1. Return the residues of the range 190-224 that are of a type outside the set (D, E, K, R), surrounded by 12 or more Cβ atoms within 10 Å (Cβ to Cβ) and either touching a Phe, Trp or Tyr at 6+ places or on another chain (Cβ under 8 Å) or not in a helix (DSSP H, G or I) (or both); say none if nothing qualifies.
2. Scan the range 225-283 for residues that are among the charged types (D, E, K, R) and assigned to a helix (DSSP H, G or I) and jot them down.
3. Cβ-Cβ below 9 Å, separation at least six or inter-chain, first residue in the range 137-163 and within 18 Å of Glu258 (Cα to Cα) and free of Cβ contacts under 8 Å to residues at least 24 places away in the same chain, second basic (Lys, Arg) and surrounded by fewer than 16 Cβ atoms within 10 Å (Cβ to Cβ): which pairs?
4. Would you be able to say whether some residue in the range 164-176 is among the hydroxyl-bearing types (Ser, Thr, Tyr), assigned by TED's automatic domain parsing to the domain that holds Ile255 and in a helix (DSSP H, G or I)?
5. Among the residues in the range 244-261, are any within 18 Å of Leu150 (Cβ to Cβ), modelled with pLDDT under 80 and not aliphatic (A, V, I, L, M)?
6. Going by what's in this entry, would Gln246 be described as farther than 30 Å from Leu123 by Cβ and either outside the structural domain of Ile185 (by TED's automatic domain parsing) or within 16 Å of the chain's Cα centre (by Cα) (or both)?
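The values are calculated or read from the model by the stated rules, or taken from the named source; none is laboratory data. The structure displayed is predicted, hence computed values, not measured ones. Heads up, the Cβs are rebuilt from the backbone with ideal geometry, glycines too, and the neighbour counts pull from every protein chain shown.
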Amino acid sequence: MTQFLIKRGIITIITLIAISAVIFAILALAPGDPLSELATNPNVPPEVRQRIRESFGLDDPIHERYLKWAENYVQGEWGTSFATRGPVSDIVKDRLPVTLGIVGTAFLVSLMIGIPIGVISALKQYSLFDQFMTTFAFLGYSIPTFFSGLVCILLFSYKLGWFDSVYDATVTGVWPNIKQSIMPIAVLALAGSAELTRYVRASMLEVISQDYVRTARAKGLQEQTVVLFHAVRNAMIPVVMIIALQIPAIVGGAIITEQIFKVPGIGSALILAINAGDTPTVMAIVFGVAILVVIFNILADIALAFLDPRVKLS
């Protein structure tokens, strides 16, 4: 285990350095000037604009800017936002709790829906329940989050009037906050649970046809014991990878969903930063998602080794 963690740690550091360099280069070479609004402002003299550019290091070579950014990032300083002129870390800290609340809840809901439905569909293969849930899984997986979000707004906000179409950050109270979070959570949970249902069903169908499952039934074990302790446990081995990679994917899906419902989270902050040419904020958020992907890949490998004795962490 120790040797595996050291090896993966080294690979992770190299991977993150490469990812950060590519992202930084793309943002640095992108067309447009992040301080272009100052050029059209007659109240800002040219010498002041030049000093501002020098303070942000915009005229420095790309490799120097990257090394300076990397040094500051390791120290916890994510730079200064071009749009707000404030620390990027403050933007992330202010918006992260909202995103974590919605994404975390959506992830838990997708697990509670996707795994049981996938297991039951496999046990009742070709039944009416299986056909209905398979259709649901294909629809939920195929429909993009921006479309399902718009459908929810049209149906539950404008047609039925059950929920507000726009997230209000000034709302206080437990129930009002839960109420306005239901639709964003439902949109993300629909996509997540649909994907999970398909993988769990396919894995369960493969497992329940194995000889050891038939042997367990032949020995007289109860069906519940056979399913839970023999079939489901082994069926979850490949699903663990899907679950681990689903978390960063849900965060990515939240970028679109937050924009649709006007949720003041990380996703909407990324869209605003892109539109404003705020490269420090874009860099911090995009690289943060990349870190999530790498970390959860490692966690998936570790979990897979505990679930499957055939996998050795060496």
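1. Within the range 190-224, Ala191, Gly192, Ala194, Thr197, Ile208, Gln210, Leu221 meet the criteria.
2. Step one: list which residues in the range 225-283 are among the charged types (D, E, K, R), which gives 233, 258, 262, 278.
Of everything in the range 225-283, those that are among the charged types (D, E, K, R) and assigned to a helix (DSSP H, G or I) turn out to be Arg233, Glu258.
3. So the pair list comes out as Phe163/Lys179.
4. First pass over the range 164-176, keeping only residues among the hydroxyl-bearing types (Ser, Thr, Tyr): 165, 167, 170, 172.
Okay, now just the ones that are also assigned by TED's automatic domain parsing to the domain that holds Ile255, so 165, 167, 170, 172.
Add one more test, that the residue is in a helix (DSSP H, G or I), and what stays is none.
The answer is no, given that none of the residues of the range 164-176 is among the hydroxyl-bearing types (Ser, Thr, Tyr), assigned by TED's automatic domain parsing to the domain that holds Ile255 and in a helix (DSSP H, G or I).
5. Yes, the range 244-261 contains at least one residue that is within 18 Å of Leu150 (Cβ to Cβ), modelled with pLDDT under 80 and not aliphatic (A, V, I, L, M).
6. Details: farther than 30 Å from Leu123 by Cβ: no; either outside the structural domain of Ile185 (by TED's automatic domain parsing) or within 16 Å of the chain's Cα centre (by Cα) (or both): yes.
Against the criterion (farther than 30 Å from Leu123 by Cβ and either outside the structural domain of Ile185 (by TED's automatic domain parsing) or within 16 Å of the chain's Cα centre (by Cα) (or both)), Gln246 does not qualify.
Yes/no matrix, rows are residues, columns are (1) of a type in the set (Gly, Ala, Ser); (2) surrounded by 15 or more Cβ atoms within 10 Å (Cβ to Cβ); (3) assigned to a helix (DSSP H, G or I):
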{"site": "Ile91", "(1), (2), (3)": "no, yes, yes"}
{"site": "Thr105", "(1), (2), (3)": "no, yes, yes"}
{"site": "Gly114", "(1), (2), (3)": "yes, yes, yes"}
{"site": "Ser121", "(1), (2), (3)": "yes, yes, yes"}
{"site": "Gln125", "(1), (2), (3)": "no, no, no"}
{"site": "Phe129", "(1), (2), (3)": "no, no, yes"}
{"site": "Phe132", "(1), (2), (3)": "no, no, yes"}
